[in-house]
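Visitor: Shown below is the structure under consideration.
Just so it is clear, none of the values below were taken in a lab; they were calculated from the coordinates. Owing to the predicted nature of the structure, the values given are computational and were not obtained by experimental measurement. Positions of Cβ are generated from backbone atoms using ideal geometry, with glycine treated the same way; all protein chains shown enter the neighbour counts.
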Amino acid sequence: MFKNPLYQQIRSRVYDIIENEAYQTTFSRSFDKFLIVLILLNVSAVIAESVDAWYFPNKALFHAFEQFSIVIFSGEYLLRLWAIVEKDKDAHPEIPHWKRRLNWVKSPGAIIDFISIAPAFLNFFVTVDLRFLRVLRLFRLLKLTRYFAAMRILLIVLHKEKESFKAVIFILLIMIVTASSGIYVVENQAQPEVFESIPKSMWWAVVTLTTVGY
């Protein structure tokens with residue numbers, strides 16, 4: 001499919017610029033710096049939007065910046081998805097393009113990229129609390145893992161130990177459900193306004209088990 005030499009050359013160049021760490025030119029470095037600045041500005045915007053005195057007078061500006069960011073991040077995601085077939089194509093020519101793209105989509109970096117743009121499209125399908133969307137947009141900060149070696153190492157470790165983390169989360173959920181159910185039974189009569197139900201008791205369980213303090 002698309003054996004045109006010019007098409008393949010363009011795709012190869014795009015891959016080098018946005019994905020190939022060994023390829024370093026003034027343009028590729030400028031592209032990376034632009035994305036880093038845009039990511040930091042996005043996180044700053046999310047924080048600023050939580051202040052009503054800043055958000056409402058500049059609502060149109062915040063909205064325009066968000067739309068601009070979505071266009072850039074969505075374009076970046078699609079370009080990476082398109083060009084990733086160039087990765088190791090000479091070493092493993094037998095791997096079909098669709099499988100290369102699927103492997104990339106399932107990678108930690110691609111998942112982070114998807115989560116960073118998902119909130120913008122989520123509101124088209126379901127009505128979502130604006131505060132919830134703002135929190136999801138903070139995931140864009142994780143996109144910086146692509147540009148800093150220490151953060152990439154952390155991401156790799158988390159990926160390799162994902163089964164261990166699943167076990168920890170599962171055990172924590174069991175403890176939260178058990179503790180919240182127990183405190184509901186014991187304290188519901190004494191403090192009905194605090195332990196009105198098991199879901200409300202879960203907040204007590206969370207802050208207690210995480211040693212935040214109740």
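Visitor: Structure shown: which of 33/162; 89/143; 33/160; 89/166; 59/106 lie over 27 Å apart, alpha-carbon to alpha-carbon?
Guide: 33/162; 33/160; 89/166; 59/106
Visitor: Sort 27, 62, 195 by Cβ crowding within 10 Å, fewest neighbours at the top.
Guide: Exposure proxy ranking, most exposed first: 27, 62, 195.
Visitor: Right, here's the next one. Give me 11, 29, 146 sorted ascending by neighbouring Cβ count inside 10 Å, so fewest comes first.
Guide: 29, 11, 146
Visitor: For a quick check of your reading of the filter: which GluC sites (Glu not before Pro) in the stretch 1-110 sit in a DSSP loop and have no more than 14 other Cβ atoms within 10 Å? If you can, show how the numbers build up before the last one.
Guide: Working: sites: 19, 21, 49, 66, 76, 86, 94; in loops: 19, 21, 94.
When the GluC sites (Glu not before Pro) of the stretch 1-110 are filtered for loop state and at most 14 Cβ neighbours within 10 Å, 21, 94 remain.
Visitor: Here's another thing I want to ask about it. Which residue, 157, 51, 194, tops the fluctuation ranking in a GNM of the chain built on C-alpha contacts under 10 Å?
Guide: Checking each option, the largest mean-square fluctuation is seen for 194.
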